Amino acid sequence: MPRQFSLAYLTVLGCPPPEMTYIAGRSGYDFVSLRPIYMGLPGEPNYALAENKELYRQTKKALSDTGVKLLDIELARIHDDVDVKQYLPAMEVAAELGGSAVLSSIWTSDRNYYIERFAELCDYAKPLGLTVNLEYVPIASVSNLAGAIDVLRTVKRKNAGLMIDTHHFHRAGDKVEDLDEVPREWFHFAHLCDAPAEIPTEKEEMTRILREARLYCGEGGIDIASIMNRMPEVPYSIELPHVVRVKEIGYMEHAYRCLEHAKTYFA
């Protein structure tokens with residue numbers, strides 16, 4: 001079966017879901033990974049499809065027109081005082097549009113609290129046929145593979161999964177051999193990108209690269225192949241924000257180059 005790719009929201013940060021879907025279709029992606037959960041970040045557009053019926057209609061039409069499928073939605077963050085039920089409308093939209101997964105990450109240090117909230121999120125997602133996939137992030141509270149495995153082994157939810165991002169895996173200093181201990185059924189999709197081999201020592205620089213300066217596959221120093229070779233074959237969502245390149249060449253060309261570099265790398 002041919003390797004499958006999804007266009008992740010951060011790659012075309014700020015792009016509306018319908019336009020993003022058409023870009024994915026024209027560029028040759030199999031899926032899109034949308035952000036219909038409004039996070040309230042400075043300057044962030046609100047693409048909450050559950051609240052904007054016209055945007056929902058346009059997105060559904062774009063999926064139908066292109067044949068591109070919805071892979072996952074983001075980002076169901078677990079943070080202090082979160083009510084995870086607020087994510088339910090977006091998850092219902094994801095299910096209606098044919099999506100299969102929800103992306104989550106943890107930004108509170110209270111372990112008992114985040115274990116309870118993550119389990120609750122999984123329980124809301126289960127009747128909708130959605131998996132909830134924990135992404136550890138090097139600047140978040142759950143910041144490495146061991147921390148994510150701890151969460152998943154504790155919640156014991158069948159629809160819980162582990163989402164490996166090649167950038168985060170490298171920055172966390174994780175070892176590829178440790179992926180051998182992860183149950184295969186936890187893997188539903190992965191995030192793909194490259195970055196400089198040198199790991200930033202300052203959080204500000206780590207954050208800058210993470211959010212706006214990742215590299216095309218093969219451009220940096222991450223041993224992507226060694227990571228992917230330890231995992232089962234899953235769709236690869238290319239999450240590759242690069243603010244300067246998008247300004248220079250636009251969403252469409254950047255998305256296309258992301259996919260072509262990935263295909264070349266794997267070939």
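Observations
- When each of THR59, THR108 is tested for being hydroxyl-bearing (Ser, Thr, Tyr) and closer than 30 Å to ARG26 by Cβ, the lone residue that passes is THR59.
- Failed item in (1) touching a strand residue (DSSP E or B) at 6+ places or on another chain (Cβ under 7 Å); (2) crowded, with 21+ Cβ neighbours inside 10 Å, with THR59 passing the rest: (1)
- Residue that is farthest from LYS158 (Cα to Cα) [pool: residues in region 99-115 that are in a helix (DSSP H, G or I) and of a type in the set (Ser, Thr, Tyr)]: TYR113
- Failed condition for TYR22, given (1) farther than 24 Å from ARG208 by Cβ; (2) buried (at least 22 other Cβ atoms within 10 Å of the Cβ); (3) of a type in the set (Phe, Trp, Tyr): (2)
- Answer residue from region 234-264, given it is in a helix (DSSP H, G or I) and among the aromatic types (Phe, Trp, Tyr) and is least open to solvent (accessible area, probe 1.4 Å) among those: TYR251
- MET231 satisfies every condition listed in (1) open to solvent by 30 Å² or more (accessible area, probe 1.4 Å); (2) not in a helix (DSSP H, G or I) except (1).
- Members of region 82-92 that are more than 17 Å from the chain's Cα centre (by Cα) and either touching a residue at least 12 places away in the same chain (Cβ under 8 Å) or under 19 Å from ILE164 (Cβ atoms) (or both): VAL82, VAL84, LYS85, LEU88, PRO89, GLU92
- Filter result for the condition that a residue is at pLDDT 95 or above and touching a Phe, Trp or Tyr at 6+ places or on another chain (Cβ under 7 Å), over ALA90, ALA101, ALA94: ALA101
- Segments classed as strands (runs of 3 or more DSSP E), wholly inside region 116-215, with at least 1 members that are under 24 Å from THR264 (Cβ atoms), β-branched (Val, Ile, Thr) and open to solvent by less than 10 Å² (accessible area, probe 1.4 Å): 160-165
- Any hit, region 221-228, residues being assigned to a loop (DSSP other than H, G, I, E, B), under 24 Å from GLU74 (Cβ atoms), at pLDDT 95 or above and open to solvent by 40 Å² or more (accessible area, probe 1.4 Å): no
- Checklist (1) modelled with pLDDT of 95 or more; (2) more than 27 Å from ARG77 (Cα to Cα); (3) open to solvent by 10 Å² or more (accessible area, probe 1.4 Å) applied to ALA267, failing item: (1)
The values are calculated or read from the model by the stated rules, or taken from the named source; none is laboratory data. This is a predicted model, so every value here is computed, not measured. Ideal geometry is used to build each Cβ from the backbone, glycine not excepted, and the neighbour counts take in all protein chains shown. Accessible surface areas use protein heavy atoms only, side chains included; no ligands, DNA or RNA. Shrake-Rupley method; radii C 1.70, N 1.55, O 1.52, S 1.80 Å.
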